Every structure is written in structure tokens, then in C-alpha cells.
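Step one of this worksheet: look at the structure below.
The values are calculated or read from the model by the stated rules, or taken from the named source; none is laboratory data. Bear in mind the structure is a predicted one, so any value in this text is a computation, not a measurement. Cβ coordinates were reconstructed from backbone atoms using ideal geometry, including for glycine residues, and neighbour counts include every protein chain displayed.
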Number of protein chains: 2
Amino acid sequence: MGAAPKKATRKPRADFVRNRERLLTAAAEVFRSGSRDASLEAVARRAEVGIGTLYRHFPTREALFEAVYRREVEQLAELAETLAESEPPVAALRQWLHADIRMIATKRGMLTALALAIDNSCDLYAFSFHHLTRAVGVLLARAVAAGEIRDDITAEDLLHALIGMCLMGQEPDWVPGVTRLVDVFVDGLAAKRDR
Amino acid sequence: MGAAPKKATRKPRADFVRNRERLLTAAAEVFRSGSRDASLEAVARRAEVGIGTLYRHFPTREALFEAVYRREVEQLAELAETLAESEPPVAALRQWLHADIRMIATKRGMLTALALAIDNSCDLYAFSFHHLTRAVGVLLARAVAAGEIRDDITAEDLLHALIGMCLMGQEPDWVPGVTRLVDVFVDGLAAKRDR
DNA sequence: AATTATACGGAGGGCCCCTCCGTTTTCAAG
DNA sequence: CTTGAAAACGGAGGGGCCCTCCGTATAATT
């Protein structure tokens, strides 16, 4: 019992694989600008695929976003590990947040993705959102353990703050401004409350 | 010259005034929950008014939001003035931000309104958004003058941060969490950079 | 009561969401 | 090489919302 061979599974159909690829490529292009109104029908059109096919591959908007940005999320998670080993606690945290900002600046759709993920994450914990919370959680715990930042802010809180600040940046050159805001926030985390 | 009588202006039509009022009431109700998908047609339906009438009174979504929340914005602006006279600089700033959060918690639509305003504010400076930047600008300048916070964060920056953080709060009881985030931010503003 | 500036309402064209199902394609067994 | 069924495809269709336009209704004025 258990690992039943489940009969010889057919080889996945060629068109299935092909269309999935087309959809992911098209989605990445459509989401690039990160405009909030990115329409799924536009993705299907660009992929030259029926709308039904899109929905069969990715039943929800979130599922599509997740698939499109999985790679990026994993990259950020890895970066957190690297930084945890090579940098002092607070610096690691700060640098990781900066990296997030840079990534979002390049792939603006990720921001929408993350915002979407948070929206529904309460119940579904959609998207690789928890990958990120885990990653930053490690950095956070480390800094707390070192006594360098306050201990009442959770990883979710931190990501909320980060994403929120990014959400507000849509001027052409928003990166420096948001970076400054995030730096202020980190300063606040590290502020000595007892003067 | 100047104040030309411009011909005897007709008295405004009764139905015009009545419908405007109905629309504002309906909008306030529909926007209460602050759900991002608040539809203007829903507002018109609730006001028992044609959709055309809604658009004639408020040509854009922003215009409607502005009219609905004008009172609240002015209230916050006044509060800033009061606090500036009665509280120490940093405390005033902090308390004003807390008041914002409370206000948003009650009238969730205000958040959407502000976010919308920022979206288009670059050119249009829609909504009473600049009322708020002016208000918080005073508090900020005061604290900077007193040498109690850093001087490279603008009023717009601060509002961006505030609104961003609020945008990320949709759990039932998000107020304490966001308040904590904002407090961290203020701590960061007031952090002594030179150790 | 007649006149006319003002307002009203909702049909209509566009775009999008998502589901459902008849048709087509692919795989693999004979 | 057939052939049959599982697996995919695609897009029509029902439902919403956005916003404009214009024929109709009505309040203020004469």
C-alpha cells in the first residue's frame, strides 16, 4: 500500500507542454509593466492560445503569478541564506530588503503578485509568499538573537511594510525613495528604545 | 472688472441638489468596507439614480472619492495644526499618524481614496492629498528644525509609507500591527545616525 | 401657461471574468 | 498504419463594470 504504481501514466501531451510554456512567456511579458489591470485575456491572446486553455493551466490569477515568479522568489530566498552567513545581522537584513526592491523594480509584476498573495494568504497562503517569510524570518531571528533589533516585529510584518512601500512607488524613478524609506524602517528596528 | 455678475444665475435645480446628496450617502455606504472592487454602478443603484447622473455629478472616480472624504481630510489637517501646538515634535508626528490609522480603520474607503490620489497625483494632484501633505509637512519640518529627526524624508514620502503599510492590512484586526509598523518607522526617523 | 435651460436615465459599445462543452489532437495499443 | 479513447483545445456565452451619448422629462423663469 502507499506508493501504488498508479498504472503506466501516459507521457504528457506535447501541446500541453508547449502551451504552458507559451503562456508563461506571454504572462511574463504582459506583467512586466506591472500595471494593475493586466488582463488574463491579454495573456491568452499574446500566447495565441484560447482563454479556456489559460484557465485550465492556471485556475486562478494567483496560480499564474506564482508560476511566473517562482524562480525569482527562490532566488531571493537563497540570497537570504547567503547573506545570513556572510554579513552582520542588521546589514544582512538591510541588504536583503534592498535586493527585494531591485528585483521588484525589474519585474514589476512581482509586486502585484506579492500583494495578491498577501490578500489571500490568510487562508490560502497562496504563492511562494511563505518562502519569503521563512527567508526573512531567519534574518530577523538572527538579528534579534544578537540583540540588535527589537523582537516584536514578525517576518510577515516586515514583508507587509516592504511591499506596502513599494506599492506606493510608481513614479519613473521610485527606487531611491523607497530604498530610503526602507532604510528608515530598518533604523527604527535597530533603534535603542532605552535611549 | 473682475467680479462680473455673470448674468443672474438660475437657482440650482432641486433634483440636482437632492441627487448629489443621495449619491454621496450611497457612496459612503458602498465604500465603507473599502473593497477594492467598489463599483460605481453599485453606487448609482444604491442611490436609486441613473448611472449617467452619477457621472455627470462626479466625472471621475477620484472626484467622487474626494467629495465623500473631503470632511475627513480637513479634520486630519486640523488635527495636525492642533498637535503642532500642543505636543513635542516627534510625539505630535506619531500621534497624527496614529490618528490617520484610526480614521482609515473606520472609513476604509479613505484608504482606496488616498491610494488612488497618489496614483494620479503626479500630474493631477487629485483629491485633497495635498492638504494632507501640507499638514504633515508642518509637523515634519518642526521636528527637523528641533533636530529630532532626519531631514531627508519628505511629507510625500511619509504619507506613501503610511498608506502603503495600511494597504497591506486587511486582516480583521490589522490596526495594532500597522500601528507598530508605523511606530518603528517613526523610531527610524528619530534614530541618531551618529550612534 | 409657455418657454427653455438643466438634469435625468439608461441603452449601447467595449473590455474583462470565468465556465462549459463540442471538437480536435495526441498517444499508444493492436 | 489504423483506430479509439483520453487529454487538450478554443471560444461562445452569461454576467459585470466602465463610460458616453442623446432623447425625454422637469424645474425655474417669464
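In summary, B:ARG36 fulfils each of the numbered conditions (1) within 16 Å of DNA strand D (Cβ to nearest atom); (2) farther than 24 Å from B:VAL182 by Cα with the single exception of condition (2). It is to be established whether one or more residues within region B:42-53 are closer than 27 Å to B:MET168 by Cβ and of a type in the set (D, E, K, R). The answer is no; no qualifying residue exists. Screening B:ASP183, B:ASP173 for residues that are at pLDDT below 95 and more than 7 Å from every other protein chain (Cβ to nearest Cβ) leaves exactly one candidate, B:ASP173.
Of a type in the set (Phe, Trp, Tyr), crowded, with 22+ Cβ neighbours inside 10 Å and free of Cβ contacts under 8 Å to residues at least 60 places away in the same chain, is that true of A:TYR69? Spelling it out, A:TYR69 is indeed of a type in the set (Phe, Trp, Tyr), crowded, with 22+ Cβ neighbours inside 10 Å and free of Cβ contacts under 8 Å to residues at least 60 places away in the same chain. B:GLY109 fulfils the conditions (1) surrounded by 21 or more Cβ atoms within 10 Å (Cβ to Cβ); (2) away from DNA strand D (no atom under 16 Å from the Cβ) except for a single criterion, (2).
Each row is one residue, and each column tells you yes or no for (1) of a type in the set (Asp, Glu); (2) more than 14 Å from chain A (Cβ to nearest Cβ).
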residue: B:TRP96; (1), (2): no, yes
residue: B:ILE101; (1), (2): no, no
residue: B:THR112; (1), (2): no, no
residue: B:ASP119; (1), (2): yes, no
residue: B:HIS130; (1), (2): no, yes
residue: B:ALA135; (1), (2): no, yes
residue: B:VAL138; (1), (2): no, yes
residue: B:ARG142; (1), (2): no, yes
residue: B:ASP151; (1), (2): yes, no
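The listed residues are A:VAL43, A:VAL49, A:VAL17, A:VAL90, and the only one of them that is within 16 Å of DNA strand D (Cβ to nearest atom), among the aliphatic types (A, V, I, L, M) and either within 14 Å of chain B (Cβ to nearest Cβ) or outside any helix (DSSP H, G or I) (or both) turns out to be A:VAL49. Please verify whether A:ASP15 is of a type in the set (Asp, Glu) and more than 27 Å from A:ASP100 (Cα to Cα), treating the condition exactly as stated. When the stated conditions are applied, A:ASP15 passes them. For the residues A:ALA47, A:ALA67, A:ALA42, the requirement of being in contact with a Lys or Arg (Cβ under 8 Å, 6 or more places away or on another chain), aliphatic (A, V, I, L, M) and either within 16 Å of DNA strand C (Cβ to nearest atom) or farther than 30 Å from B:ASP119 by Cβ (or both) singles out A:ALA47. Scanning region B:153-168 for residues that are more than 7 Å from chain A (Cβ to nearest Cβ) and either in a helix (DSSP H, G or I) or crowded, with 18+ Cβ neighbours inside 10 Å (or both) yields B:ALA155, B:GLU156, B:LEU158, B:LEU159, B:LEU162, B:CYS166.
When the residues of region B:30-66 are narrowed to those that are surrounded by 15 or more Cβ atoms within 10 Å (Cβ to Cβ), of a type in the set (D, E, K, R) and farther than 20 Å from A:ARG36 by Cβ, which ends up farthest from the chain's Cα centre (by Cα)? Looking at the filtered set, the residue picked out is B:ARG45.
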